[in-house]
Amino acid sequence: MSKRTIEFPRNFLWGGAIAANQAEGAWNEDGKGASVADVVRYKPEIDVKDYVRQWHVGQEDVERALKDQSTADYPKRRGIDFYHRYKEDIALFKEMGFKALRVSISWPRIFPRGDEAEPNEKGLQFYENLFKELRASGIEPLVTLSHYEMPLYLATNYEGWASREVIGFFVKYAKVCFERYRGLVRYWLTFNEIDSAFRHPFATVGIIPD
């Protein structure tokens with residue numbers, strides 16, 4: 001019986017993945033607006049196995065979150081401080097031998113409300129610096145445009161993806177990213193786990209059920 005040796009292709013991209021809402025922190029710095037992730041509260045009083053109640057976000061929850069500017073009960077607001085420490089983290093990724101890193105762009109870091117005429121330059125510059133640092137470290141960036149990071153304003157004032165106006169806002173946001181990061185990003189992903197709209201509609205598509 002002959003043995004077969006299976007090898008990864010020479011250009012196989014081995015690496016890891018993070019998302020802006022999980023890692024960046026700095027939720028209200030440098031002009032960034034609130035995202036849907038920023039108002040999702042940690043709920044220790046609810047059994048983690050009760051998936052529906054853990055992920056449910058209603059109008060009352062949003063109002064409560066906006067009154068509370070702390071990060072204590074809102075872990076997505078603090079993440080791992082990647083926003084300030086990305087160079088250290090990328091150095092660790094390089095040490096691990098990463099050839100690729102899937103990241104996401106926080107939409108409200110580019111358009112704080114989502115419907116502005118002009119993007120936030122400080123947000124654009126952050127991601128430009130991030131992608132340049134990845135490339136300098138020999139790591140290919142794979143970039144997701146929407147990973148549970150819709151501007152909260154679009155959820156509360158436009159009903160999220162239930163509004164056709166939001167489609168236009170997203171197209172504008174995408175074009176700004178494509179043009180700004182031309183030459184830095186070769187691989188783009190549009191939506192992360194679009195099927196999760198059925199599991200947690202608020203975080204995924206900005207729908208407030210009530």
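The values are calculated or read from the model by the stated rules, or taken from the named source; none is laboratory data. Source: prediction; values computed, not measured. Here the Cβ positions follow ideal geometry from the backbone for every residue, glycine too, while neighbour counts run over all protein chains shown. Note: accessible area is taken over every heavy atom of the protein model, side chains too, but ligands, DNA and RNA are not part of it. Shrake-Rupley method; radii C 1.70, N 1.55, O 1.52, S 1.80 Å.
Annotations
- Inter-label distance, nm, simple model (7 Å from Cα along the C-beta direction), Leu189/Glu29: 2.5 nm
- Under-5 Å amide H pairs with Thr144, H placed in peptide plane, nonlocal only: Val103, Ser104, Ile105, Leu189
- Val205, Val166, reordered so the largest accessible area comes first (probe 1.4 Å): Val205, Val166
- Estimated at the nearest 10 Å², the accessible area of Arg41 is 40 Å² with a 1.4 Å probe.
- Compared with the dominant principal axis of the Cα atoms in the chain, helix 121-136 is inclined by about 20°.
- Protein heavy-atom surface of the chain, 1.4 angstrom probe: 53% of the accessible area is carbon and sulfur, with nucleic acids and ligands not counted.
- Counting heavy atoms of the protein chains alone, Asp68 has an accessible area of about 50 Å² for a 1.4 Å probe.
- Shape of the chain, Cα gyration tensor, a/c cut at 1.5: prolate
- Summed over the residues of the chain and divided among them, the accessible surface reaches 56 Å² per residue at a probe radius of 1.4 Å.
- Here the simple spin-label model places points 7 Å from the Cα toward Cβ, and for Arg53 and Ser2 these points are separated by 6.1 nm.
- Contact order for the range 111-210, expressed relative to its length and based on alpha carbon pairs under 8 Å spaced 6+ residues apart, stands at 38 percent.
- Table column - 3J(HN,Hα) (Hz), the range 87-92, Karplus curve with 6.51, -1.76, 1.60, x for Gly and Pro: 5, 5, 5, 5, 4, 5
- Residue-wise HN-Hα couplings along the range 105-115, as the Karplus relation 6.51 cos²θ - 1.76 cosθ + 1.60 with θ = phi - 60° gives them from phi, are 9, 7, 3, x, 7, 8, 10, x, 9, x, 10 Hz; Gly and Pro carry x.
- Over the range 1-151, relative contact order from alpha-carbon pairs under 8 Å, at least 6 apart, %: 36 percent
- Using a Förster distance of 30 Å, the FRET efficiency for Phe178-Lys43 (Cβ separation, nearest 0.05): 0.20
- These residues, Thr156, Thr204, go from largest to smallest accessible area, 1.4 Å probe, as Thr156, Thr204.
- Rolling a 1.4 Å probe across all protein chains gives Leu13 an accessible area of roughly 70 Å².
- Surface listing: Trp14, Trp27 arranged by accessible area from highest to lowest gives Trp14, Trp27, probe 1.4 Å.
- Taking the centroid of alpha carbons for each part, the range 158-210 and the range 19-84 are 18 Å apart.
- Projected label points at Val171 and His84, each 7 Å from Cα along the beta carbon direction, are separated by 4.0 nanometres.
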